[in-house]
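The structure appears right after this line, and notes come after that.
The values are calculated or read from the model by the stated rules, or taken from the named source; none is laboratory data. Everything numeric in this text was worked out from a predicted model, so none of it was measured. All Cβ positions, even for glycine, are placed from backbone atoms using ideal geometry, and neighbour counts span all protein chains on display. Heads up: the accessible areas ignore ligands, DNA and RNA and are worked out on the full protein's heavy atoms, side chains in. Shrake-Rupley method; radii C 1.70, N 1.55, O 1.52, S 1.80 Å.
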Amino acid sequence: MPWPPPMSALGWNAKRLYGSEDRTGSHLTIIRVPIGGPGGTNHYHSFHEWAYWLSGDFVNNEYTSPYQRVGDFQQFREGVFLDRPAYSLHGGEPDRLDSQVGGTCLIMEEGGTTVSVHPDSPRYSEDYKQVKQWAVPRIIDTLSEMPWEPDAQYPEREGVLIKRLVDDQERGFRATLWRLQAGWKSSQAAQFARAYYYKQAYQFNFVLNGDMRIQTYAEPGTKAEAITLGKNYYVERAPMSIFGLADGVVSEMGCVWLEVTYGKGTSIPNVPIEDPNYI
């Protein structure tokens with residue numbers, strides 16, 4: 001996927017992986033921030049968003065009040081995961097540190113409106129005065145602050161490591177990092193490798209590093225199609241799509257991937273995520 005022309009004179013551009021052209025609904029993109037790229041002034045969204053930084057850096061500031069002009073400084077780098085609820089104030093600040101080297105980020109915006117609380121912004125609206133409660137995001141440095149661990153829920157999964165970023169059944173949203181060791185075989189955890197589908201859940205998978213062989217099926221009982229994934233491969237699992245790990249050696253080098261699942265649709269549905277339907 002080549003990079004399209006910049007979205008504005010600031011030099012930002014984006015590859016759209018999922019979503020509509022007009023960006024009024026949910027959309028998953030990889031954004032590229034230019035060197036020295038600033039963030040927008042203090043603003044909030046009426047929707048939930050999540051992001052995972054792939055490379056480089058980007059700076060932002062977190063606020064607890066729409067009248068705050070100096071926020072808690074945040075520098076996002078490779079491996080940082082963001083779970084930002086609706087009505088969470090954030091933005092860049094003039095004359096404060098901007099992106100040092102530029103970078104790329106996988107980001108999901110679930111669709112809705114964006115409102116700036118800064119009068120000088122073109123997105124400024126006094127709608128913010130109707131908001132009664134401001135939310136706080138969860139920001140996780142998954143590389144520096146969260147070690148891999150065996151899956152305690154399924155201890156029989158030999159060689160499968162996990163980082164649980166979000167597991168929110170009330171909202172119907174889950175984000176997980178998975179890791180397979182080099183030379184991992186499907187026989188080491190047959191149930192984990194087994195093909196399955198969801199009736200209504202929606203899932204996004206993005207390979208962060210390594211390699212992985214998967215199998216997909218047109219429908220139960222048909223012959224599997226084997227596909228080898230590598231770094232930066234994207235796999236979108238819509239409801240009723242069948243996906244499993246390949247037979248035999250699944251990963252030669254080892255593999256790490258991000259898996260994000262919604263209970264229903266591609267925005268916070270407040271519907272619990274169903275159990276997989278195995279074939």
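Laid out as a table, the results:
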{"read-out": "Rounded if a/c under 1.5, otherwise prolate or oblate - the stretch 51-206, Cα gyration tensor axes", "value": "prolate"}
{"read-out": "Whether the stretch 190-255 is rounded, prolate or oblate, judged on the alpha carbon gyration tensor where a/c under 1.5 counts as rounded", "value": "oblate"}
{"read-out": "Largest-first ordering by accessible area, 1.4 Å probe, given options 213, 77, 84", "value": "77, 213, 84"}
{"read-out": "Estimated distance in nm for a label pair at residue 17 and residue 223, the labels positioned 7 Å out from Cα along Cα-to-Cβ", "value": "3.1"}
{"read-out": "Calculated FRET value between residue 101 and residue 3, using beta carbons and R₀ = 22 Å, to 0.05", "value": "0.85"}
{"read-out": "Estimated vicinal HN-Hα couplings, Hz - the stretch 196-202 in sequence order (Karplus 6.51, -1.76, 1.60; Gly, Pro = x)", "value": "8, 9, 10, 7, 9, 6, 10"}
{"read-out": "Global form of the stretch 52-115, assessed from the alpha-carbon gyration tensor, a/c cut-off 1.5", "value": "oblate"}
{"read-out": "Approximate spin-label separation residue 275-residue 73, in nm, with each point projected 7 Å along Cα-to-Cβ", "value": "5.0"}
{"read-out": "log10 of Debye I(q)/I(0), alpha-carbon scatterers only, for the chain at 0.10, 0.14 Å⁻¹", "value": "-0.56, -1.06"}
{"read-out": "Value of D in µm² per second that Stokes-Einstein yields for the stretch 10-105, Kirkwood Rh from Cα pairs, at 10 °C (1.306 mPa s)", "value": "114"}
{"read-out": "Highest-first arrangement of 161-167, 119-125, where packing means the average Cβ count within 10 Å", "value": "161-167, 119-125"}
{"read-out": "Kirkwood hydrodynamic radius (C-alpha pairs) into Stokes-Einstein, the stretch 93-166, 4 °C and 1.567 mPa s, D in µm²/s", "value": "74"}
{"read-out": "Residues whose placed amide H lies under 5 Å from that of residue 19, excluding near-sequence neighbours", "value": "28"}
{"read-out": "Residue of 202, 44, 67 that the Gaussian network model of the chain assigns the largest fluctuation, springs spanning Cα pairs under 10 Å", "value": "67"}
